[in-house]
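One structure is given here, and the rest of the page talks about it.
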């Protein structure tokens with residue numbers, strides 16, 4: 001027996017309903033993936049093109065010219081690893097933030113738990129990430145065999161970093177999408193804000209080579225509060241053996257991530273029932 | 001009896017006008033201007049303040065009913081009566097403002113044909129996707145897959161992307177998925193209006209079967225009286241957001257036609273009727289009532305003139321004005337209209353004699369919408385007053401030649417006559 005009511009409390013989240021629609025999530029993910037690469041020659045290889053070109057540009061300008069890369073690690077893999085994990089986070093955030101507006105038509109015609117939409121669009125991002133990650137692994141194998149980098153046991157913690165990027169992006173995206181059902185302004189800020197955020201995270205430079213950002217530096221503790229930083233550090237440390245993981249800040253970042261996820265879901269549950277009237 | 005749906009005192013309120021300033025910036029500007037007692041910079045100069053979202057519109061008001069398993073409910077009412085809003089609430093697309101809806105089963109709603117179809121995916125992929133959107137698991141779709149494909153008559157094209165489909169094929173595929181869902185409640189909003197006639201019949205048959213032999217509950221909205229009649233076991237008539245009748249189908253249809261028809265009435269009071277006019281303008285002109293001359297009902301034969309006296313109250317003398325009349329079919333479709341010669345309105349009550357010709361109007365139920373217009377200096381018409389559904393009437397021809405039992409869905413809403421047909425020669 002289900003009841004449709006005008007108002008529900010703050011914590012009315014239909015997790016069971018979402019689970020019941022897991023097949024739909026799967027099919028939405030598949031739809032996004034298949035539809036994206038139909039009638040293209042390169043197909044899924046396109047997933048590599050963008051991070052590859054970004055990495056080339058970063059290695060050239062930030063790495064070779066400005067000298068911001070990590071010592072002892074080839075610039076290309078350093079920037080590739082940072083770019084793909086950042087891209088995963090940013091894409092999750094973006095697609096979750098737009099999940100309702102871009103699917104308003106279907107949401108206005110049929111009911112399914114609304115959380116299905118941002119969840120499936122976040123998971124869709126995992127597919128391109130997977131392809132990019134395999135691409136990265138190819139380089140890692142080459143560089144470890146030649147002894148240039150030191151892939152260590154922390155490599156196997158990469159799923160944690162991926163999971164955190166996913167949850168963080170989803171959480172922020174859901175907060176934004178809950179707020180943007182009425183005002184679209186925030187949506188305009190998202191891509192710009194992400195661009196700034198990227199420079200507040202160790203994507204385009206090595207934080208351990210910067211005196212003020214490295215452990216003991218005057219901005220270190222502040223800088224590490226950015227929840228993306230510890231997860232990038234973990235990812236880079238595991239894959240390339242460069243930098244370090246500060247476990248205190250790592251756990252703090254998980255705390256932040258879960259708080260953001262919680263806020264996102266609560267805000268979302270507030271607008272879920274009637275956002276079709278305002279979207 | 002197994003109760004499956006209970007709607008309890010449900011109301012849905014919408015705010016009129018734009019909700020918010022569309023952007024935060026626009027709203028902040030408006031707020032800042034108001035603070036300084038200036039005009040809102042986002043409003044055209046001279047225009048009235050936009051509706052600020054505080055004006056409310058009740059799309060549904062205090063609607064209650066119950067449904068048992070296996071019943072098929074037809075929901076009828078003219079445009080804007082709240083039919084689609086009711087279906088949206090029951091299918092949980094949006095929440096009611098007041099009241100509660102109890103659902104004791106799963107719902108499949110088809111408010112639109114092919115919701116979520118992706119043009120790049122094949123028919124097969126879309127069946128799975130659409131089934132999942134409507135609440136089925138992949139395994140359930142697989143079990144029904146053969147049946148769905150067979151019903152859709154599209155087995156040859158099932159591996160083709162649906163962007164290559166014709167619109168008819170698209171509809172067939174979409175309906176087939178929805179018709180084979182395992183839901184307890186099936187909600188349909190006039191989806192059968194599309195697709196060819198044969199397929200429409202097949203769909204109706206399928207829905208009837210779902211209700212009678214599979215014991216599923218059907219909620220069906222349509223303007224098409226004959227499909228309601230053939231499919232439904234119960235009828236809900238909505239009028240301006242209120243339930244005006246709930247019960248058996250024939251009485252419901254009669255009641256619905258009554259809303260439009262005010263059967264055998266000859267006097268029409270306009271005070272309760274919808275006016276299509278900005279009520280904030282004060283033209284000083286108001287249509288009060290109409291009276292049919294020399295009649296004891298409002299039933300005509302094709303070719304009769306609708307002879308009536310229109311009473312218009314005017315607070316000033318206006319010269320010239322004209323009267324225009326729009327003829328509407330029972331479902332609200334505008335069929336045609338007519339504009340009168342110029343006349344003068346005097347201060348006080350004006351009794352105006354009007355003859356509206358029905359030469360091209362076949363059997364059916366219609367209503368006249370009446371406008372009073374004046375000509376401004378530029379020669380443009382401006383509307384002084386306007387009454388919707390002002391005079392409902394029906395055309396019932398006794399002889400078969402001139403459009404008795406006219407099929408409106410085949411021939412449209414007007415009739416040309418006389419059609420001259422002659423067999424001028426023949427060979428053995």
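The values are calculated or read from the model by the stated rules, or taken from the named source; none is laboratory data. What you are looking at is a predicted structure, and each value in this text was computed from that prediction instead of being measured. Cβ placement follows ideal geometry from the backbone for every residue including glycine, while neighbour counts extend to all protein chains displayed.
Structure data summary
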{"quantity": "Single match in B:90, B:133, B:185, B:101 (criterion: within 8 Å of chain A (Cβ to nearest Cβ) and out of contact with any helix residue (DSSP H, G or I) (no Cβ under 7 Å at 6 or more places or on another chain))", "calculated": "B:90"}
{"quantity": "Filter result (within 14 Å of another protein chain (Cβ to nearest Cβ) and touching a helix residue (DSSP H, G or I) at 6+ places or on another chain (Cβ under 9 Å)) within region B:154-172", "calculated": "B:159, B:160, B:161, B:162, B:164"}
{"quantity": "Hits in region B:180-202 (condition: in a helix (DSSP H, G or I) and at pLDDT below 80)", "calculated": "B:191, B:192, B:193, B:197, B:198, B:199, B:200, B:201"}
{"quantity": "Only listed residue being surrounded by 14 or more Cβ atoms within 10 Å (Cβ to Cβ) and either assigned to a loop (DSSP other than H, G, I, E, B) or modelled with pLDDT under 75 (or both), chosen from B:253, B:277, B:228", "calculated": "B:277"}
{"quantity": "Out of B:17, B:53, sole residue that is within 14 Å of chain A (Cβ to nearest Cβ), modelled with pLDDT under 70 and in contact with a strand residue (DSSP E or B) (Cβ under 9 Å, 6 or more places away or on another chain)", "calculated": "B:53"}
{"quantity": "Filter result for the condition that a residue is in a helix (DSSP H, G or I) and under 24 Å from residue A:192 (Cβ atoms), over A:101, A:123, A:127", "calculated": "A:101"}
{"quantity": "Filter pass, residue B:371 being surrounded by 13 or more Cβ atoms within 10 Å (Cβ to Cβ), part of a strand (DSSP E or B) and out of contact with any helix residue (DSSP H, G or I) (no Cβ under 6 Å at 6 or more places or on another chain)", "calculated": "yes"}
{"quantity": "Region B:353-364, residues that are surrounded by fewer than 16 Cβ atoms within 10 Å (Cβ to Cβ) and either under 24 Å from residue B:288 (Cα atoms) or touching a strand residue (DSSP E or B) at 6+ places or on another chain (Cβ under 6 Å) (or both)", "calculated": "B:353, B:355, B:357"}
{"quantity": "Region A:187-228, residues that are within 15 Å of the chain's Cα centre (by Cα) and buried (at least 16 other Cβ atoms within 10 Å of the Cβ)", "calculated": "A:190, A:194, A:197, A:198, A:201, A:202, A:203, A:226, A:227, A:228"}
{"quantity": "Evaluation of residue A:31 against (1) touching a helix residue (DSSP H, G or I) at 6+ places or on another chain (Cβ under 8 Å); (2) part of a helix (DSSP H, G or I); (3) in contact (Cβ under 8 Å) with a residue 24 or more places away in the chain (one fails), failing number", "calculated": "(3)"}
{"quantity": "So residue B:350, is it in contact with a strand residue (DSSP E or B) (Cβ under 8 Å, 6 or more places away or on another chain), part of a strand (DSSP E or B) and surrounded by 13 or more Cβ atoms within 10 Å (Cβ to Cβ)", "calculated": "yes"}
{"quantity": "Which numbered condition residue A:234 misses (of (1) in contact (Cβ under 8 Å) with a residue 40 or more places away in the chain; (2) surrounded by fewer than 23 Cβ atoms within 10 Å (Cβ to Cβ); (3) more than 21 Å from residue A:118 (Cα to Cα))", "calculated": "(2)"}
{"quantity": "Unmet requirement for residue A:108, which otherwise passes all of (1) over 24 Å from residue A:186 (Cβ atoms); (2) touching a helix residue (DSSP H, G or I) at 6+ places or on another chain (Cβ under 6 Å); (3) within 14 Å of chain B (Cβ to nearest Cβ); (4) buried (at least 16 other Cβ atoms within 10 Å of the Cβ)", "calculated": "(1)"}
{"quantity": "Options B:151, B:65, B:175, B:145: the member that is under 24 Å from residue A:103 (Cβ atoms) and either in contact with a helix residue (DSSP H, G or I) (Cβ under 7 Å, 6 or more places away or on another chain) or away from chain A (no Cβ under 11 Å) (or both)", "calculated": "B:175"}
{"quantity": "So residue B:171, is it modelled with pLDDT under 80 and out of contact with any strand residue (DSSP E or B) (no Cβ under 9 Å at 6 or more places or on another chain)", "calculated": "no"}
{"quantity": "Residue ID - nearest to residue A:31 (Cα to Cα), chosen from residues in region B:108-121 that are surrounded by 20 or more Cβ atoms within 10 Å (Cβ to Cβ) and more than 7 Å from chain A (Cβ to nearest Cβ)", "calculated": "B:117"}
